[in-house]
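To keep things clear, I will list the structure first and then write my remarks on it.
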Amino acid sequence: MTKKRLIVLGAGSSGVLAANYFCAWLEQDWEIKLIHNPQKPILGIGESTNPSFIEALELGSNFKVHEDLKQLDGTIKLGTKYVGWRAESFVNPLLGGSMAAHIDTYSLKEFSLPRLEARWEGKFKVVEQEVLGAQSLEDCASVTLGNGEVEYCSYIIDCRGAPSKHDPEVVHLDATLDSCIVYQDTDSSNDPGMVTYTGHTATEHGWMFTVPLQSRNSYGYMYNSTISSFDEALQGLRSTVPKACAENVIEFHFSPYYARRVLKGRILRNGNSALFFEPMFANSLWAYDNINKNFHSFLLGDINEEEVNLRHLSNAVSIRSAIALHYIGGSTMYNNHPFWDLAAADSKRALGTLEGVEFTKRVVSAVEGSKALKGFQGVKHPGVFNTIAWVNILNNLGYNTKV
């Protein structure tokens with residue numbers, strides 16, 4: 001049997017997800033190697049996952065939620081709670097028997113990678129080395145390591161993080177949000193067996209996520225730096241967690257973007273190399289999972305490179321449009337505040353594009369179709385969320401689509 005080789009670069013969430021997915025789904029004639037630099041820092045924000053992420057851990061790492069959740073400092077996630085977006089708080093639940101988890105990103109690779117090596121011995125291996133470069137060749141791909149060695153393989157999945165600002169393959173978008181202040185409240189603790197939700201709380205300057213872990217709550221106060229200063233945003237964060245101060249928070253800046261192509265030759269972009277918008281409803285993990293699935297279809301010969309990239313572009317537009325549908329109604333708590341005026345205007349422009357209009361039509365058509373069928377079976381998935389979830393989301397946002 002001639003072995004085919006897949007190399008995954010990076011051990012962040014997307015790299016670990018890819019390793020789990022392809023260990024579980026690729027045939028035994030594949031070897032999978034994950035290469036990462038152990039010295040590369042991890043931001044370490046608590047992460048809100050989705051059901052497909054947990055499924056990949058279950059299939060790849062034999063993850064058992066009630067036995068292994070503690071090793072990820074995790075808690076059960078059954079949905080997202082929105083506070084201050086409308087007159088009443090609401091929960092967008094994970095529906096259809098699905099569940100997810102909140103996890104500590106520091107713990108993910110330490111938990112999963114040894115499990116993968118033990119469970120898929122002979123198929124999966126981890127190499128700790130700096131990666132200097134990756135190249136797509138005519139009939140193979142190559143990875144140059146910091147020790148001077150060159151690894152050759154059939155394909156590479158590049159999960160090493162955000163691309164260069166000057167990368168010609170990347171489309172940069174206007175930023176509704178561009179900054180975040182992260183605070184880890186280590187004095188708090190959470191019961192992993194309780195029903196818990198990812199918090200999405202509207203604020204004067206933007207919105208704040210709350211990720212409940214067993215040992216702490218992880219907060220991320222997001223804002224637009226052209227409207228609000230760091231000090232103003234920090235004061236807003238302190239209204240929720242008074243212990244936060246300039247000395248014990250982390251500030252980082254970002255801008256939304258997506259790659260025009262994720263598959264080019266023998267290199268697949270995934271993770272932040274492929275796209276980033278903002279951390280609303282774990283949208284990035286949904287995109288990463290779909291990139292893996294479409295690449296798998298490519299490896300099976302079911303679709304070609306062009307179709308992989310077209311599906312990625314469609315998913316990027318779907319995520320941007322789904323975020324816009326949350327923003328376009330503004331916040332009833334902060335009506336006429338500069339950030340929310342900007343968010344509504346940006347969302348109106350996004351949904352007014354040809355792609356945004358088509359996405360909205362798909363969502364409405366799916367919801368209307370479920371009314372006609374008096375159920376959800378046979379209704380085409382409109383994108384990002386399934387139809388039953390979209391019914392709930394649009395009703396919560398006040399768009400009157402009751403089935």
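Observations
- Members of the range 261-290 found to be open to solvent by less than 10 Å² (accessible area, probe 1.4 Å), without any contact (Cβ under 8 Å) to a residue 60 or more places away in the chain and within 16 Å of Asn20 (Cα to Cα), listed by number: Ala287
- Close pairs (7 angstrom Cβ cut-off, 6 or more residues apart or separate chains): open to solvent by 70 Å² or more (accessible area, probe 1.4 Å) in the range 344-373, not in a helix (DSSP H, G or I) and not polar (S, T, N, Q) anywhere: Lys348/Ile328; Arg362/Pro382; Arg362/Gly383; Leu373/Val379
- Any chance Asn190 is touching a Pro at 6+ places or on another chain (Cβ under 7 Å), part of a loop (DSSP other than H, G, I, E, B) and either over 30 Å from Ser318 (Cα atoms) or open to solvent by 60 Å² or more (accessible area, probe 1.4 Å) (or both): yes
- Qualifying residue in the range 165-183 (condition: open to solvent by 20 Å² or more (accessible area, probe 1.4 Å) and in contact with a Leu (Cβ under 6 Å, 6 or more places away or on another chain)): no
- Only one of the numbered conditions (1) touching an Asp or Glu at 6+ places or on another chain (Cβ under 8 Å); (2) open to solvent by 30 Å² or more (accessible area, probe 1.4 Å); (3) assigned to a helix (DSSP H, G or I) is not met by Asp341, and that is (1).
- Residue count for the range 116-154 under the criterion of being open to solvent by less than 80 Å² (accessible area, probe 1.4 Å) and either in contact with a Cys (Cβ under 9 Å, 6 or more places away or on another chain) or under 30 Å from Leu351 (Cβ atoms) (or both): the result is 10.
- Unique residue being of a type in the set (Gly, Ala, Ser), in contact with a His (Cβ under 6 Å, 6 or more places away or on another chain) and touching a residue at least 24 places away in the same chain (Cβ under 8 Å) when the list is Ala202, Ala233: Ala233
Listed here are the residues, each with its yes/no results for (1) of a type in the set (A, V, I, L, M, F, W, C); (2) modelled with pLDDT under 95; (3) on the phi > 0 side of the Ramachandran plot.
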| residue | (1), (2), (3) |
| --- | --- |
| Thr2 | no, yes, no |
| Ala18 | yes, no, no |
| Glu27 | no, yes, no |
| Asn37 | no, yes, no |
| Leu43 | yes, yes, no |
| Ala56 | yes, no, no |
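- Ile319 vs. criteria at pLDDT 95 or above and over 21 Å from Ile32 (Cα atoms): yes
The values are calculated or read from the model by the stated rules, or taken from the named source; none is laboratory data. Source: prediction; values computed, not measured. Counting neighbours? That spans all protein chains shown, and the Cβs are built from the backbone with ideal geometry, glycine included. Accessible surface areas use protein heavy atoms only, side chains included; no ligands, DNA or RNA. Shrake-Rupley method; radii C 1.70, N 1.55, O 1.52, S 1.80 Å.
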